[in-house]
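Engineer: Okay, here's the structure, questions in a sec.
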Amino acid sequence: MSIEEMGRRAKEASHIMAGFLTRDRNRALESIRKGLENAIPEILKANEEDLTEARAKGIGAALLDRLTLNEKRLQGIIADIGNVAGLQDPVGEEFDSRVLPNGLRLRKRRVPLGVLGVIYEARPNVTVDITSLSVKTGNACILRGGKETLRSNTVLVTVIRNALKEAGFPEDAVQYISDPNREYVNQLLKLDRYVDMIIPRGGQKLQELCRRESTVPVIIGGFGIGHIFVDASADPEKSLPLIGNSKIQRPSACNAVDTVLVHQALQDSFIPRLAQYLAERDVELVAHGRAWEIIKDLLPGHVREGQPADFDVEWLSLKVNIAVVDDLNAAVAHLRAHGAVHSDAILTNDYENALTFMNAVDSACVYVNASTRFSDGGQFGLGAEVAISTQKLHARGPMGLQELTTYKWICEGSYSLRE
């Protein structure tokens with residue numbers, strides 16, 4: 001099937017989807033949940049075949065981790081469908097109502113966006129997340145996953161489409177581009193006649209390709225250098241496990257910390273402890289300047305001297321930059337210079353410094369005394385996420401149900417005429 005035909009079918013399906021009530025869409029989600037639950041052995045088998053091929057091709061650890069589905073992860077992904085079904089449906093919500101002096105009644109009503117084009121890499125969970133959020137909000141979607149997860153996604157989408165059909169929904173509300181040829185991505189990016197939004201979930205190159213080539217509006221996100229600034233007033237005992245959680249809990253995630261900046265007042269007391277704590281957990285330390293001088297001889301085999309370019313690397317692995325800064329202003333300047341657009345945190349017991357950081361740091365998610373790993377639709381109570389947007393128009397941060405809607409003006413008069 002051509003991309004043009006997929007777009008046409010998706011647009012037709014989106015019109016049908018928009019007509020269903022919340023209870024109908026929840027029924028479709030339950031059908032999908034049951035279908036996936038029944039297909040767990042088949043999904044895991046396909047995923048293992050993807051993993052075997054990926055390992056043979058020498059794909060890196062970070063990508064392998066994103067590709068991997070075990071039974072626990074898969075059960076969690078399937079359970080999230082039920083969580084999405086239980087969320088309040090934003091479609092049909094009315095807000096900003098007013099009555100003009102001439103008697104005209106105005107209000108905004110939330111409606112589905114229409115057709116989503118989602119391009120992503122080795123993340124089969126995205127296939128399920130996008131589907132559940134799209135169905136809940138009455139949208140249709142065209143998915144294009146990476147070639148390294150083709151078998152997994154093919155099984156997932158087949159099950160999903162069958163479940164939609166059984167529930168009385170158009171199966172073309174969820175379509176998948178199975179051909180790995182990059183030309184199909186280029187065609188999808190030009191499909192503005194049918195597609196209403198492109199959402200790329202992947203590395204910087206994919207984001208830049210979509211921004212440069214698409215004639216469809218693009219939501220940019222999922223990439224950014226994550227920072228934690230340890231202020232002079234921070235509690236060292238509590239800071240260690242928080243930094244560890246931000247780096248180690250899932251190092252391949254886009255919200256894992258990449259750089260730890262330590263206030264100079266704490267450099268001699270805290271940096272050796274932090275280095276020891278992380279090294280014991282197999283984290284490679286990339287130490288810069290004063291931090292390098294402090295720990296270069298303490299942990300041979302676990303630390304190397306950092307280069308300026310390392311500050312612009314999203315590690316996606318058990319590596320982290322450590323550097324000393326003079327004060328809060330220097331920390332903020334560092335963040336502005338090195339890609340702080342995603343998830344960034346300050347550890348402090350000084351309210352004024354916390355407030356200054358919150359106001360000065362222009363990231364999608366800014367944290368005070370909390371792990372950067374919370375940047376996630378499920379953790380934010382959104383049920384799931386379609387992406388984490390780092391741009392400023394339409395949506396920012398984890399994108400849940402509301403971000404997959406737009407609105408229309410509803411205007412009611414009494415045979416009103418403009419004077």
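The values are calculated or read from the model by the stated rules, or taken from the named source; none is laboratory data. Small disclaimer: the values here were computed from a predicted structure and weren't measured. So basically every Cβ, Gly included, is an ideal-geometry build from the backbone, and we count neighbours across all protein chains shown. All accessible areas refer to the heavy atoms of the entire protein, side chains included, with ligands and DNA or RNA removed. Shrake-Rupley method; radii C 1.70, N 1.55, O 1.52, S 1.80 Å.
Engineer: Within the stretch 367-419, work out how many residues are among the small types (Gly, Ala, Ser), touching a strand residue (DSSP E or B) at 6+ places or on another chain (Cβ under 8 Å) and under 23 Å from residue 112 (Cβ atoms).
Structural biologist: Count: 5.
Engineer: Name the residues in the stretch 351-386 that are assigned to a loop (DSSP other than H, G, I, E, B), open to solvent by 60 Å² or more (accessible area, probe 1.4 Å) and modelled with pLDDT of 95 or more, would you?
Structural biologist: Just the residues of the stretch 351-386 that are assigned to a loop (DSSP other than H, G, I, E, B), to begin with: 361-364, 369-371, 375-386.
Adding the requirement that they be open to solvent by 60 Å² or more (accessible area, probe 1.4 Å) leaves 362, 369, 379-380.
369, the sole residue that qualifies.
Engineer: Taking into account only those residues within the stretch 392-408 that are open to solvent by less than 40 Å² (accessible area, probe 1.4 Å) and in a loop (DSSP other than H, G, I, E, B), which is farthest from residue 83 (Cα to Cα)?
Structural biologist: Let us first name the residues in the stretch 392-408 that are open to solvent by less than 40 Å² (accessible area, probe 1.4 Å), namely 395, 397-401, 404-405.
With in a loop (DSSP other than H, G, I, E, B) added as a condition, the list becomes 395, 399-401.
On the way: 395: 22, 399: 15, 400: 12, 401: 12 Å.
The qualifying residue farthest from residue 83 (Cα to Cα) is 395.
Engineer: Report yes if some residue within the stretch 195-210 is at pLDDT 95 or above, in a helix (DSSP H, G or I) and of a type in the set (A, V, I, L, M, F, W, C); otherwise report no.
Structural biologist: no
Engineer: Please determine whether any residue of the stretch 411-419 is in a loop (DSSP other than H, G, I, E, B), more than 30 Å from residue 232 (Cα to Cα) and among the polar types (S, T, N, Q).
Structural biologist: Yes, that holds for at least one residue.
Engineer: Within the stretch 104-144, count every residue that is assigned to a loop (DSSP other than H, G, I, E, B) and under 15 Å from the mean Cα position of the chain (by Cα). Please lay out each step first, then the result.
Structural biologist: So the first thing to find is which residues in the stretch 104-144 are assigned to a loop (DSSP other than H, G, I, E, B), and the list is 104, 113-114, 121-123, 137-139.
Cutting the leftovers down to under 15 Å from the mean Cα position of the chain (by Cα) gives us 121-123.
Number of matching residues: 3.
Engineer: Of the residues in the stretch 182-191, how many are modelled with pLDDT under 95 and in a loop (DSSP other than H, G, I, E, B)?
Structural biologist: Number of matching residues: 1.
Engineer: So which residues in the stretch 59-102 are in a loop (DSSP other than H, G, I, E, B), modelled with pLDDT of 90 or more and within 25 Å of residue 315 (Cα to Cα)?
Structural biologist: 68, 69, 70
Engineer: Identify all residues within the stretch 145-155 that are touching a helix residue (DSSP H, G or I) at 6+ places or on another chain (Cβ under 6 Å) and either in a helix (DSSP H, G or I) or open to solvent by 10 Å² or more (accessible area, probe 1.4 Å) (or both); write none if there are none.
Structural biologist: Those that are touching a helix residue (DSSP H, G or I) at 6+ places or on another chain (Cβ under 6 Å) and either in a helix (DSSP H, G or I) or open to solvent by 10 Å² or more (accessible area, probe 1.4 Å) (or both): 148, 149, 151, 152, 153, 155.
Engineer: Moving to a separate point now. In the stretch 1-37, what count of residues is obtained for those that are among the aliphatic types (A, V, I, L, M) and open to solvent by 50 Å² or more (accessible area, probe 1.4 Å)?
Structural biologist: Number satisfying all stated conditions: 4.
Engineer: Still on this structure, I have one more. Pick out the one residue from 66, 73, 55 that is among the charged types (D, E, K, R), in contact with an Asp or Glu (Cβ under 9 Å, 6 or more places away or on another chain), open to solvent by 30 Å² or more (accessible area, probe 1.4 Å) and more than 20 Å from residue 26 (Cβ to Cβ).
Structural biologist: When all the criteria are applied, what remains is 66.
Engineer: Also, quick follow-up: Output the residues belonging to the stretch 314-337 that are open to solvent by less than 50 Å² (accessible area, probe 1.4 Å), within 26 Å of residue 392 (Cβ to Cβ) and either at pLDDT 95 or above or small (Gly, Ala, Ser) (or both).
Structural biologist: Across the stretch 314-337, the qualifying residues are 328, 330, 331, 332, 334, 335.
Engineer: If I ask for residues that are closer than 19 Å to residue 140 by Cα and not aliphatic (A, V, I, L, M), which ones from the stretch 395-417 would you list?
Structural biologist: The answer is 400, 402, 403, 405, 406, 407, 408.
Engineer: Scan the stretch 243-263 for residues that are open to solvent by less than 30 Å² (accessible area, probe 1.4 Å), of a type in the set (A, V, I, L, M, F, W, C) and in a helix (DSSP H, G or I) and jot them down.
Structural biologist: 243
Engineer: Of everything in the stretch 156-202 that's open to solvent by less than 30 Å² (accessible area, probe 1.4 Å) and among the small types (Gly, Ala, Ser), which residue is nearest to residue 67 (Cα to Cα)?
Structural biologist: 202
Engineer: I'm checking my understanding of the structure. Among residues of the stretch 100-109 that are open to solvent by less than 90 Å² (accessible area, probe 1.4 Å) and either free of Cβ contacts under 8 Å to residues at least 12 places away in the same chain or in contact with a Cys (Cβ under 7 Å, 6 or more places away or on another chain) (or both), which one is farthest from residue 21 (Cα to Cα)?
Structural biologist: Going through the qualifying residues, I end up with 100.
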